[in-house]
1. When the residues of segment 15-67 are filtered to those that are among the β-branched types (Val, Ile, Thr) and touching a helix residue (DSSP H, G or I) at 6+ places or on another chain (Cβ under 7 Å), which remaining residue is farthest from residue 240 (Cα to Cα)?
2. Just one of 137, 107, 118 is more than 26 Å from residue 33 (Cα to Cα), without any contact (Cβ under 8 Å) to a residue 60 or more places away in the chain and crowded, with 19+ Cβ neighbours inside 10 Å; which is it?
3. In the list 89, 51, which residue meets the criterion of being within 25 Å of residue 178 (Cβ to Cβ) and touching a Phe, Trp or Tyr at 6+ places or on another chain (Cβ under 8 Å)?
4. Just to be sure I understand the filter: pairs with C-beta atoms under 7 Å, separated by 6 or more residues or on different chains, first member in segment 14-39 and on the phi > 0 side of the Ramachandran plot, second member assigned to a helix (DSSP H, G or I). Which pairs pass?
5. So if I check each of 179, 142, 158, which one is touching a strand residue (DSSP E or B) at 6+ places or on another chain (Cβ under 6 Å), of a type in the set (Gly, Ala, Ser) and either in a strand (DSSP E or B) or free of Cβ contacts under 8 Å to residues at least 60 places away in the same chain (or both)?
6. Only one of these is part of a loop (DSSP other than H, G, I, E, B) and closer than 23 Å to residue 216 by Cβ: 37, 55, 94. Name it.
7. Tally the residues that are free of Cβ contacts under 8 Å to residues at least 60 places away in the same chain, of a type outside the set (Gly, Ala, Ser), under 24 Å from residue 123 (Cβ atoms) and not in a loop (DSSP other than H, G, I, E, B), restricting the search to segment 59-87.
8. Taking into account only those residues within segment 124-139 that are part of a helix (DSSP H, G or I) and among the acidic types (Asp, Glu), which is nearest to residue 87 (Cα to Cα)?
Amino acid sequence: MTNQHHSTDQQTKARTLHDLHRPGTPLVLANVWDAASARLVAEAGAPAIATASASVSWTLGAPDGGGLDRDRALAQTALIAAAVDLPVTADLESGFADTAEGVGETVTRLLATGAVGVNLEDADHATGELLPLAEAVERIAAARAAAEAAGIDLYLNARTDVFMLGVGEPEERLGLAIARAEAYVAAGASGIFVPALIDPDSVAAFVKAVPVPVNVLAFPGAPSIAELAGLGVARVSLGPGLAKVAYAAVERAAREVYASGTYGALDGGLDYGRLNGLFQ
C-alpha cells in the first residue's frame, strides 16, 4: 500500500522511469542542476530528468565529492521535481550519510521531494577509495528497504567507481566491477552505473554479464548514442557536461566585458521572454 503522502502520480512516474531503461534503446539523460536547466532539457524532448551531483554542488557553492550537505541537495532536488512533469532521478553521491541507516533516511527524504530515482555510488570521499563491498551492499539494501516502506518503486541506480578510481590492475577492473554489480543487484539495485567504462569491448562484456540495465557516462570523444545502443547500453548520462558548457559561456562573456568592454559573447543567448516563458 502506498503511503498517503506519496501520490499515485509519483508511483506512475517511478514505473515510467523503469520502463525507459531499454537495452539497445537507451534513456539519454542531459543532467541538470536547477529549475531552468530542468525546464530547458524537458522542452528539448527529454523523457526524464536527472541531476548531476557535480552540477548541483557547483551551483550551490560547494565542490563535488562530499562538499555538499544532504539538506541542500534534497532542497535543490525538490525545486527541480516541482519544475517539470517528468520522472526525476537524483544523483546523491554516496547517500550523504555515514551509515546504511542514514542512507535509508536520505532515500525516504528524497521520495518526499517527488523524485523517483536515485544514484548511489560506492566511493568513500573521505579516503578516495571504494567502500568495503559488504558496507556498500548494506547501503543499497537500506535504500531499497526505505523505498519499499514508502510504497514507491524507486529506480535505484547503483554506481561503482572501480574504473573511475582505477582500482586494481587494468586487466582486473572489469571482473571487479562485475562482481560489485552482481552484489548490488542482489541487494536491490535496479541498474548499474559505471563511469569511466567506455571502451566498446569492455562495455559489451559488462552489459552481457550484468542482468540489469547498464548506464555509462558520455563525454566528448566517447562512442555516440547509436554506438552505445548497439553495445546494449540502457542509459547514457552526460553528467556535469551541460553545466560545464553553461558556466564556460558565463566565463567567456565575463572575461570579454572586463577585458575589452564589448558584449559579443552575449549574442545568441536565450532572451528574457524565452526564459520567463519557461515558468508561465
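No lab work stands behind these numbers, since they all come straight from the coordinates. Owing to the predicted nature of the structure, the values given are computational and were not obtained by experimental measurement. Cβ coordinates were reconstructed from backbone atoms using ideal geometry, including for glycine residues, and neighbour counts include every protein chain displayed.
1. Out of the qualifying residues, it is 25.
2. Only one candidate passes the filter, namely 137.
3. Values: 51 fails: within 25 Å of residue 178 (Cβ to Cβ).
The unique qualifying residue is 89.
4. Sorted first by the residue in segment 14-39, then by its partner, the pairs are 24/229.
5. Values: 179 fails: touching a strand residue (DSSP E or B) at 6+ places or on another chain (Cβ under 6 Å); 142 fails: touching a strand residue (DSSP E or B) at 6+ places or on another chain (Cβ under 6 Å).
After applying the criteria, what remains is 158.
6. Just one listed residue meets the conditions, 94.
7. 7
8. Applying the filter and picking the extreme gives 138.
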